[in-house]
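What follows is one structure encoded as structure tokens, with my remarks underneath.
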Amino acid sequence: MSTTDQPWGNTVDVTFDDQIAFVYFNRPDKKNCMSPTLNREMYATLHALEVDDRCGVVVLTGRGEAWSAGMDLKEYFRETENQSDTVKMRTREETAAWQQIKLRNLAKPTIAMVNGWVFGGAFTPLTSCDLAIASDDAKFGLSEINWGILPGGNVTKAVADTMGQRNALYYIMTGETFTGKQAAAMGLVNESVPHDQLETRVRAIAKVLLAKDPVVLRAAKEVFKRVRYMDWETSNDYIYAKGDASQHRSGGDFRTGAMKAFLDDKKLKPGLDTYKKED
Ligand code: COA
């Protein structure tokens, strides 16, 4: 089912299948670069999907040849140059709102399915996704230095978090491109696969995630993203609190059922498999 006629507009498209919401950057003629309109529509899309029962996992991908060619040099940069400071600041805030707040902390698990070009500003939503799987031949580039700016929009932080100093600085400073295979080797994406296997692999991972307790899964990713900035004592306390809260919110049936299946019924090896209700 396509939802291009939804209130969020045409720069984003969504299809639903098997509890997966495929969210598309939908400006293929512009290599899916991100305009202020796309930024607003992406926020509205993700916000709606958080409470949409058809969506258990979000897969962020691109229509056409690109995942996303970064920020729109015309609509995001040049056309906002002469606007008031208030308008300019709002444009920045709307970008960060979907890329760094809504997507990064989405209530549902998120997978970047990297089908093609990824440039500059696109590294921020890429690293905000919980997981990322790329086509072997996808092309990545921190191209900012090639046109005279530094990697802003928190791109520098995004790569500092995921790439390691040597690779990050090499690509920040040279602006050279690298492939999906190289991105996997440096840990920027989880893995890369031949292009014709990309969707199959992403669907398989989504299926694994859909089998978990969704409340606990949400808490697990939230905890990971926050504890890295905490000291040990605060982190220990926070993790217990989130663990208790997630059991309380989920009802705890998954955990109790899994313990029974392992300890009493000897039907489950949780080291090797996920608990299913019938176990
Ligand atoms: N901003 C604005 N427009 C962009 C864009 C961007 N980031 N990326 C692509 N486009 C537009 C092109 O201007 C072109 O528009 P037109 O048809 O009106 O002329 C259209 O998308 C197709 O792009 P084109 O350059 O013709 O495709 P290509 O296949 O030859 O090259 C890229 C693809 C991605 C290598 C090239 O478009 C490019 O270098 N884009 C800029 C990438 C970048 O530096 N992004 C960082 C931004 S922070």
- Message: Only one of Thr37, Thr15 is of a type in the set (S, T, N, Q), within 16 Å of the ligand (Cβ to nearest atom) and surrounded by fewer than 23 Cβ atoms within 10 Å (Cβ to Cβ). Can you tell me which?
- Response: Thr37
- With the condition kept exactly as written, say whether any residue in region 50-59 is in a loop (DSSP other than H, G, I, E, B), within 16 Å of the ligand (Cβ to nearest atom), of a type in the set (Gly, Ala, Ser) and buried (at least 17 other Cβ atoms within 10 Å of the Cβ). no
- Within region 128-159, work out how many residues are β-branched (Val, Ile, Thr), within 14 Å of Leu188 (Cβ to Cβ) and near the ligand (Cβ under 10 Å from one of its atoms). 1
- Message: So if I check each of Val193, Val155, which one is assigned by TED's automatic domain parsing to the domain that holds Ser128, touching a Leu at 6+ places or on another chain (Cβ under 9 Å), at negative phi and not hydroxyl-bearing (Ser, Thr, Tyr)?
- Response: Val155
- Task: Scan region 74-87 residue by residue and report those that are part of a helix (DSSP H, G or I) and either closer than 19 Å to Asp130 by Cα or within 16 Å of the ligand (Cβ to nearest atom) (or both).
- Result: Lys74, Glu75, Tyr76, Phe77, Arg78, Glu79, Thr80
- Query: Checking Lys74 against (1) more than 17 Å from Lys30 (Cβ to Cβ); (2) surrounded by fewer than 18 Cβ atoms within 10 Å (Cβ to Cβ); (3) not small (Gly, Ala, Ser), which test does it fail?
  - Reply: (1)
- Filter result for Ile101 (within 16 Å of the ligand (Cβ to nearest atom) and surrounded by fewer than 18 Cβ atoms within 10 Å (Cβ to Cβ)): no
- Message: Condition check: modelled with pLDDT under 95, in contact with a strand residue (DSSP E or B) (Cβ under 9 Å, 6 or more places away or on another chain) and closer than 24 Å to Gln100 by Cα. Does Gly153 satisfy that?
- Response: yes
- What about Lys212, is it assigned to a helix (DSSP H, G or I), surrounded by 14 or more Cβ atoms within 10 Å (Cβ to Cβ) and at pLDDT 95 or above? no
- Of all the helices (runs of 4 or more DSSP H) wholly in region 92-194, which have at least 2 residues that are within 14 Å of the chain's Cα centre (by Cα)? 123-128, 155-162
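The values are calculated or read from the model by the stated rules, or taken from the named source; none is laboratory data. This one's a predicted model, so the numbers in the text were calculated from it and none came from an experiment. Cβ atoms come from the backbone with ideal geometry, glycine included; neighbour counts cover every protein chain shown.
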